[in-house]
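Read the structure below first, then the notes.
The values are calculated or read from the model by the stated rules, or taken from the named source; none is laboratory data. Note that the coordinates shown come from a computational prediction; the quantities given were computed from them, not determined experimentally. Heads up, the Cβs are rebuilt from the backbone with ideal geometry, glycines too, and the neighbour counts pull from every protein chain shown.
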Amino acid sequence: MIARMSKLEIAGPKERLLEVLDVIRELGVFQPEPEVGYFVAAERQGDIHLLIPDQGTMAERLFLENLRRMTCRIIELLPAVETRASLLDPLPLLDTIASVAERHLALCRDLDAQRTARLSEINELARCAALLGAIETLVGDLEPHGSLEFIGVTLRDSQQVERLREGLTRLTGGDFTLSTSIAADGALIGLIATPAAGSRRIRQALNEEQFPELPFPPALRDLPFPERIRLARERIAVADRELAELDLRREIFARRWLPFYRRIDQWLAERLALFSTSSVVHETGMCFVILGWAPSDATAGLARQLNGRFRGEVAVDELQLLEQDLGRVPVALRNPPYLRPFELFTRLLPLPRYSSWDPTPFIGLFFPIFFGMMLGDAGHGLVLVIVALLVMRRRRSGMLTDAARILLVSAGFAVLFGILFGEFFGEAGGHMLPITPLLPERSSAIMPLLMFSMALGVFHVLLGLLIGLITALQRHERRDAAGRIVTICLLLCLAALAASLIAPAPWLRSTPFLVAAGILIPFLFLSGGLLAPLELVKQIGNIVSYARIMAIGLSSALLANVANHLAGLSGDVVLGALAAIVLHAVAIVLGTFAPAIHALRLHFVEFFSKFVEAGGRRFEPLHK
């Protein structure tokens, strides 16, 4: 249901503004209204204007924003270790905190820069590590020749090896050795051994032919190749130790100071939120004025908290809610625990206006019934009950839990209608169990179920029109109310005529209803205009649409019967059981989604269109 809202004005001395906003955010029941034009009387509008912060307030806000940037950066630079929450009150220590934060930020940046440099060095050396293992054996074979120069290259495939060998032969006249190996990461590595005098020409040619030389850090680039391997491994070990020392220093610092800065950041966020909220506060010559909305049942508590905290300095007045205010009143849905999960479906629709109706109670009442009628199998319903209970056991809250609760209620109705229809995993299961059906079998009683579905459609559509009539009467919309009355009467006449034709009875004669319909048609034109007959045809179409209850129910029953029949044709107990399980599983999946979709469609299109008005503003109170 839509919670009743109160229109409030909170006023007090300007120096108490931030404290008042802090109390309001703590309670979380008040939504400020930035527009004053329609909120207060015209004679007061000239005396109230948006609050303009003074120089001291602006300086404080800039100081807090700068301090929060420093604390956020410190938290980002430190490792996210688990610590206990700090209970420090930062307000009396802000200047000290700012100076300490500057020093700590510089220290954290220095540690982070050192750590980044070590990581970059380790990553660069690690890229070589995968190549070193493959090259080391090649270098070991050639190491005794001290006059040789070693050049390492990376190759894409074996074709490049032959191309490289041919190019080196032309360039050096065969005065070289080319060895290849596979690195640990799968890369193909080539090692060229050549006299030092010709190494420059070879490097230049490799660069022109796009044979990339193995990358090495600058500190190792000018060393002999075997020396590179030894020093690279030593440097990796040293860098790992330095990185571990830096990480230890950062962790010790974080365990000592991270709770402190998390508390500072939380306090600064709340304090700055108060300054942001003050942008919708108004003022007069002597005091601040906050205009807004609160649930009516929370208004007394809000006033009591403010009066008690500020000893009468802050006043809370409830203003008169006028008819022109109805379009601006924020909407909050409040439903009992049974209906609350069905808000999952309501959220698929635009929020209703404050003066409209909350569709949740109606969908909570009729959706499980429609679902149960369409599924209508006790066995399938029990499976869905078990699934819903398992989901609810694993998850205590959230959208999935709400869906499971809806499924639990809807599956319960499916079990109920399955007993009434005598179906337990199809009609064959109902015959095997001592279930006495109270309703005709769905696979054969098509016309009775069709008539029942149409009768249910008449009731549902007329209920929607009746609720819309109540709304029109409350708003004093006489012509709309008259049109709805005429439409309701005509639909009742047409329903009675259809009943007299389908099931003739001496007490049910068609003549009086024909005469009544003929008398009502001119009033239909008078109340609804020339398009009123088209609207009546639309209502009739909506009623006919409820035939889908019979159609989906019939398909569900036939699918279960087909599953049993095909399982029986197998001639083998095990194979038949497996076939029955698979086919009934398919029937359960289809029997879950199809009834849900069509039941929602009957509500969203055929029912809610009669009385629900979209366009409401969501109630978004200030809160911490």
- Message: Residues that are assigned to a loop (DSSP other than H, G, I, E, B) and in contact (Cβ under 8 Å) with a residue 24 or more places away in the chain: does segment 486-499 have at least one?
- Response: no
Subset of segment 529-562, residues assigned to a helix (DSSP H, G or I) and over 27 Å from residue 366 (Cβ atoms), comes to 532, 533, 561, 562
Pairs returned, first residue in segment 437-453 that is surrounded by fewer than 15 Cβ atoms within 10 Å (Cβ to Cβ), second residue that is among the hydrophobic types (A, V, I, L, M, F, W, C), beta-carbon separation under 6 angstrom, 6 or more apart or interchain, are 438/420
The one condition residue 357 fails out of (1) over 21 Å from residue 295 (Cβ atoms); (2) at pLDDT 90 or above is (1)
Pairs returned, first residue in segment 386-407 that is without any contact (Cβ under 8 Å) to a residue 12 or more places away in the chain, second residue that is β-branched (Val, Ile, Thr) and in a helix (DSSP H, G or I), beta-carbon separation under 6 angstrom, 6 or more apart or interchain, are 395/401
Residue 561 fails exactly one of (1) surrounded by 13 or more Cβ atoms within 10 Å (Cβ to Cβ); (2) in contact with a Leu (Cβ under 9 Å, 6 or more places away or on another chain), namely (2)
Residues of segment 598-624 being part of a helix (DSSP H, G or I), surrounded by 12 or more Cβ atoms within 10 Å (Cβ to Cβ) and not small (Gly, Ala, Ser), in sequence order, are 598, 600, 601, 602, 603, 604, 606, 607, 608, 610
When segment 416-436 is checked residue by residue, the ones that are part of a helix (DSSP H, G or I) and within 44 Å of the chain's Cα centre (by Cα) are 416, 417, 418, 419, 420, 421, 427, 428, 429, 430
Open item on the list: within 31 Å of the chain's Cα centre (by Cα) and either of a type outside the set (Ser, Thr, Tyr) or in a helix (DSSP H, G or I) (or both): is that true of residue 366 in this structure?
Closed with: yes
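May I ask you to verify whether residue 397 is assigned by TED's automatic domain parsing to the domain that holds residue 361, surrounded by fewer than 16 Cβ atoms within 10 Å (Cβ to Cβ) and either polar (S, T, N, Q) or in contact with a helix residue (DSSP H, G or I) (Cβ under 6 Å, 6 or more places away or on another chain) (or both)?
Yes, satisfied.
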Listed by first then second residue, the pairs whose first member lies in segment 67-79 and is under 19 Å from residue 251 (Cα atoms), whose partner is among the β-branched types (Val, Ile, Thr), with beta carbons under 6 Å and at least 6 positions apart or on separate chains, are 71/264
